[in-house]
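Written below as structure tokens is the structure these notes are about.
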Amino acid sequence: MIGGTLVAKREVYVSVDVEADGPIPGPYSMLSFGMAACGAFDGAGFTASDPAERTFYAELRPISDGFDPEALAVSGLDRDRLARDGLDPAEAMNAASAWVSETAAGATPVLVAYPLAYDWMWLYWYFVRFARSGSPFGHSRHLDVKTLYAVKAGVPVARATKRQMPPELLSRRPHTHNALDDAIEQAELFQNLMTWPGGS
């Protein structure tokens, strides 16, 4: 508080994408995830940063034998290869937590995703289960890009799909289902939404 005015702590936004071999963590495994720092907000304005500049990517060893073939096919990742060469989940999550803290550099890190519920569920579960310090995003520092669009556009959440968004909001990058590629693509959508005046 300065002069009776509440001063907001600077937030750093991290776009995250997850590739997994099933619908929920525990019975199934997170196979890869990508993170891209994409901007900061200080309570007065949003400043974008190149999301390809500060990134993190990991491929993980599966934690269970169960998998959904359709979910696995989406990522194109090879479970047998990951069982041999993937990172131990604790190693991956501790490295990711350290990267988030270093990237935030004293600011408050906030996870952004589209849609949030899926990616947050996996990342939060893995951070709590495997990282020494738990989640670097706490239990609630996250922002859903889908909801952000719905509110700004004045449309129901069911209509907050990329197919129905104005083309100028979308990234020109392809959606490849590589977790880092998609985190960067999603970061550009988030940046465009943060500066978009809105309207349906």
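The values are calculated or read from the model by the stated rules, or taken from the named source; none is laboratory data. Given the structure is predicted, the values throughout are model-derived calculations rather than measurements. No Cβ is skipped: glycine too gets one built from the backbone with ideal geometry, and neighbour counts run over all protein chains shown. These area figures cover heavy atoms from the full protein model, side chains too; ligands, DNA and RNA do not enter into them. Shrake-Rupley method; radii C 1.70, N 1.55, O 1.52, S 1.80 Å.
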Open item on the list: Let me confirm something: among Thr195, Thr147, Thr108, which residue is in contact (Cβ under 8 Å) with a residue 12 or more places away in the chain, open to solvent by less than 30 Å² (accessible area, probe 1.4 Å) and farther than 16 Å from Asp17 by Cβ?
Closed with: Thr108
TODO: Considering every residue within the range 172-181, establish whether at least one is within 14 Å of Tyr13 (Cα to Cα), under 16 Å from the mean Cα position of the chain (by Cα) and in contact (Cβ under 8 Å) with a residue 12 or more places away in the chain.
DONE: no
TODO: Only residues that are surrounded by fewer than 21 Cβ atoms within 10 Å (Cβ to Cβ) and either farther than 20 Å from Pro69 by Cα or out of contact with any Gly (no Cβ under 9 Å at 6 or more places or on another chain) (or both): list them for the range 15-45, please.
DONE: Pro23, Ile24, Pro25, Gly26, Ala40, Phe41, Asp42, Gly43, Ala44, Gly45
Task: Breaking point among (1) in a loop (DSSP other than H, G, I, E, B); (2) free of Cβ contacts under 8 Å to residues at least 40 places away in the same chain, for Gly22 - done: (2)
Open item on the list: I want to confirm something. Restricting to the range 163-192 and keeping residues that are among the aliphatic types (A, V, I, L, M) and closer than 22 Å to Phe56 by Cβ, which single residue is surrounded by the fewest Cβ atoms within 10 Å (Cβ to Cβ)?
Closed with: Leu180
Open item on the list: Take the residues in the range 46-65 that are assigned to a loop (DSSP other than H, G, I, E, B) and open to solvent by less than 30 Å² (accessible area, probe 1.4 Å); name whichever of them is nearest to Tyr13 (Cα to Cα).
Closed with: Pro51
Open item on the list: Here are the criteria: (1) open to solvent by less than 60 Å² (accessible area, probe 1.4 Å); (2) of a type outside the set (A, V, I, L, M, F, W, C); (3) over 15 Å from Ala131 (Cα atoms); (4) without any contact (Cβ under 8 Å) to a residue 60 or more places away in the chain. Tell me which single one Glu102 does not satisfy.
Closed with: (1)
- [ ] Please specify each residue of the range 113-149 satisfying the condition of being within 26 Å of Pro197 (Cα to Cα) and aliphatic (A, V, I, L, M).
- [x] Ala113, Leu116, Ala117, Leu143, Val145, Leu148
TODO: Kindly list, by first and then second residue, each pair from a residue in the range 52-63 that is under 14 Å from Ala20 (Cα atoms) to a residue that is crowded, with 19+ Cβ neighbours inside 10 Å and among the aromatic types (Phe, Trp, Tyr), limited to pairs with Cβ atoms under 7 Å and residues at least 6 apart or on different chains.
DONE: Ala58/Phe33
TODO: Please state which one of Ser29, Ser64 is among the polar types (S, T, N, Q) and under 19 Å from the mean Cα position of the chain (by Cα).
DONE: Ser29
